[in-house]
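Enquirer: The following block contains the structure, expressed as structure tokens.
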Amino acid sequence: MNLEYFIAKRLITSKDNKSSISAPIIKIAISAIAIGMIMMIVSVATGIGLQQKIRDKVSAFNGQIIISNYDNNQSEVTLSPISKKQEFYPYFKTVPEVTHVQAVATKAGIIRTETAFEGIIFKGVGTDYDWNNIKEYLIAGQLPIFINQLNEEVLISSYLANRLHLKVGDKFNTFFVKEEQNKMPNIRRFQIVGLFNSGFQDFDATYIIGDIRHIQRINKWKPNEIGAFELFTNDFSEIKSTGEKVYEQTSSSLDTKTIIEKYNYIFDWLNLFDFNIIVILVIMILVATINMVVALLVLILERTQMIGILKALGANNWTVRKVFLYNAFYLIVRGLFWGNLIGVGILLFQQQFGIVKLNPENYYVDQAPVYLNWMYILLLNGLTIVVCFVVLLIPSYIITKISPVKAIRFD
């Protein structure tokens, strides 16, 4: 029989313990651990969820790695074409981390209707374009279908559609400026087949997606000439090293840029979430340990006579310390139980109903995203238990200073 555990269990289940002066302090300690765990679980889940959601959105509309001419690097608009006849297209066999390669091109234009006009960038895509990446952002209509014949179908953002007073099925004229000076612009008439909402104001207010062959004809390019290649990888966390491999495997006339480099201001902002999460974890664990230290000290002072009796009966200091550490461990586990139950419940509720809304202009999403992974929940629980238990060894040292004679007389 484990004597220390037996005594600790009797202390925990004792009715006297429930009515003692330490009862409210114990409840406060349990509540502090529960609240701390709730805060940690929610902050990690929403922080990582927001990072992943924004990262996926940026990648869906731009690719994860972009290969283009050097003169296109500082511009959102394709200035000069590159050939599709590359060793890495359509399959990047030399870099197995690359899962998909698609050809795109962009050109600036102006949409004009009877009541409004907007400057836009037409993003041309072909039959190799992976629509699955943006399918979840489609809010009305359908995706364009590009076949052998030149297609006038386009995908436009709900933001642009509202500003131009357009809807699914409507047709509109777009004016593309020719590179030659004093030349009349090219006019193309497109039909809206679908509306999307990415949540990125800059992208929604600028881009429409259509057939790349329009850009090839306007720019008088050959059928195998495009503006850039967009690459997708199997592991975003290794995108930097994958980008370096891609760069090494492309010709000297082409440049490679990862989505992190292209939108560095977004990813720098996202990196701040890691710091915020760490700060929250440190504060919550600190609050929980302080409350547990106070609770343990109160328990020791309240059971001073019992400590003296145990020592008088021959129990050594470590035996007595283990009794109170078992007691504290029970309180920690109890707090963690309620913290996990409430915290995970909040996340599941948010995941299902999206109660907490966010301003998409500031956060690029309209509701707080949730990343629920049992591994980080287990790690948070393990970290809390270890830190609290190690810290509680310090106040339990006071037991070694208690004299059996004085403790038995203590009242």
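The values are calculated or read from the model by the stated rules, or taken from the named source; none is laboratory data. The shown structure was predicted, so the numbers you read here are calculated from the model rather than taken from an experiment. Every residue, glycine as well, gets a Cβ built from its backbone with ideal geometry; the counts of neighbours run over all protein chains shown.
Enquirer: What number of residues within region 125-167 satisfy the criterion of being part of a loop (DSSP other than H, G, I, E, B) and on the phi < 0 side of the Ramachandran plot?
Expert: Restricting attention to region 125-167, the residues satisfying the condition of being part of a loop (DSSP other than H, G, I, E, B) are 126-130, 134, 142-152, 165-167.
Among the residues that remain, those that are also on the phi < 0 side of the Ramachandran plot are: 126-130, 134, 142-152, 166-167.
Number satisfying all stated conditions: 19.
Enquirer: Would you point out the residue of region 145-172, among those that are within 13 Å of His214 (Cα to Cα) and either touching a residue at least 60 places away in the same chain (Cβ under 8 Å) or of a type in the set (Gly, Ala, Ser) (or both), that is surrounded by the most Cβ atoms within 10 Å (Cβ to Cβ)?
Expert: Among those residues, the one meeting the criterion is Phe146.
Enquirer: If you don't mind, another one. Tell me yes or no: at least one residue of region 248-265 is of a type in the set (Gly, Ala, Ser) and modelled with pLDDT of 90 or more.
Expert: Keep residues of region 248-265 that are of a type in the set (Gly, Ala, Ser), which gives 251-253.
Okay, now just the ones that are also modelled with pLDDT of 90 or more, so none.
Looking through region 248-265, none of the residues is of a type in the set (Gly, Ala, Ser) and modelled with pLDDT of 90 or more.
Enquirer: Do we find a residue being farther than 23 Å from Thr127 by Cα and surrounded by 12 or more Cβ atoms within 10 Å (Cβ to Cβ) anywhere in region 220-236? Step through it out loud before you land on a result.
Expert: Here is the first cut: in region 220-236, the residues farther than 23 Å from Thr127 by Cα are 235-236.
Within this subset, residues satisfying the condition of being surrounded by 12 or more Cβ atoms within 10 Å (Cβ to Cβ) are 236.
Yes: one or more hits.
Enquirer: Let me ask something additional. Please determine whether any residue of region 205-217 is modelled with pLDDT under 90, in contact with a Phe, Trp or Tyr (Cβ under 8 Å, 6 or more places away or on another chain) and over 26 Å from Ile156 (Cβ atoms).
Expert: No: region 205-217 contains no residue that is modelled with pLDDT under 90, in contact with a Phe, Trp or Tyr (Cβ under 8 Å, 6 or more places away or on another chain) and over 26 Å from Ile156 (Cβ atoms).
Enquirer: Based on this model, can you work out whether Val320 counts as crowded, with 17+ Cβ neighbours inside 10 Å and not basic (Lys, Arg)? Lay out the reasoning, then the answer.
Expert: Details: crowded, with 17+ Cβ neighbours inside 10 Å: yes; not basic (Lys, Arg): yes.
Here the answer is yes, as Val320 does meet what is asked.
Enquirer: Condition check: surrounded by fewer than 19 Cβ atoms within 10 Å (Cβ to Cβ), under 24 Å from Ser237 (Cβ atoms) and assigned by TED's automatic domain parsing to the domain that holds Met39. Does Ile290 satisfy that?
Expert: When the stated conditions are applied, Ile290 does not pass them.
Yes/no per residue for (1) modelled with pLDDT of 75 or more; (2) assigned by TED's automatic domain parsing to the domain that holds Ile398; (3) in a helix (DSSP H, G or I); (4) out of contact with any Ser or Thr (no Cβ under 8 Å at 6 or more places or on another chain):
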{"site": "Ala295", "(1), (2), (3), (4)": "yes, yes, yes, no"}
{"site": "Ile300", "(1), (2), (3), (4)": "yes, yes, yes, no"}
{"site": "Ala315", "(1), (2), (3), (4)": "yes, yes, no, yes"}
{"site": "Trp318", "(1), (2), (3), (4)": "yes, yes, yes, yes"}
{"site": "Arg321", "(1), (2), (3), (4)": "yes, yes, yes, no"}
{"site": "Leu325", "(1), (2), (3), (4)": "yes, yes, yes, no"}
{"site": "Leu331", "(1), (2), (3), (4)": "yes, yes, yes, yes"}
{"site": "Arg334", "(1), (2), (3), (4)": "yes, yes, yes, yes"}
{"site": "Phe337", "(1), (2), (3), (4)": "yes, yes, yes, yes"}
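Enquirer: Against the conditions (1) of a type in the set (A, V, I, L, M); (2) under 28 Å from Met292 (Cα atoms); (3) at pLDDT below 90, where does Val356 fall short? Just the number, please.
Expert: Just one mismatch for Val356, condition (2).
Enquirer: Ile139 - would you say it is surrounded by 15 or more Cβ atoms within 10 Å (Cβ to Cβ), touching a Leu at 6+ places or on another chain (Cβ under 8 Å) and at pLDDT 85 or above?
Expert: Judged against the criteria, Ile139 is not a match.
Enquirer: Gly199 is checked against (1) on the phi > 0 side of the Ramachandran plot; (2) without any contact (Cβ under 8 Å) to a residue 60 or more places away in the chain and fails just one. What number does that condition carry?
Expert: (2)
Enquirer: Would you please list the contacts, defined by Cβ atoms under 8 Å and residues six or more apart or on different chains, that run from a residue in region 226-249 that is under 21 Å from Lys57 (Cα atoms) to a residue that is surrounded by fewer than 24 Cβ atoms within 10 Å (Cβ to Cβ) and among the aromatic types (Phe, Trp, Tyr)?
Expert: Cβ pairs passing all conditions: Phe229/Phe88; Phe229/Tyr89.
Enquirer: Could you list, in sequence order, all residues of region 78-96 that are of a type in the set (A, V, I, L, M) and either loosely packed, with under 13 Cβ neighbours inside 10 Å or touching a residue at least 60 places away in the same chain (Cβ under 8 Å) (or both)? Outline the logic, then answer.
Expert: So in region 78-96, the residues of a type in the set (A, V, I, L, M) come out as 79, 82, 95.
The answer is Ile82, Val95.
Enquirer: Given the conditions (1) at pLDDT below 90; (2) outside any loop (DSSP other than H, G, I, E, B), and given that Val77 satisfies all but one, which numbered condition is not satisfied?
Expert: The single condition Val77 does not satisfy is (2).
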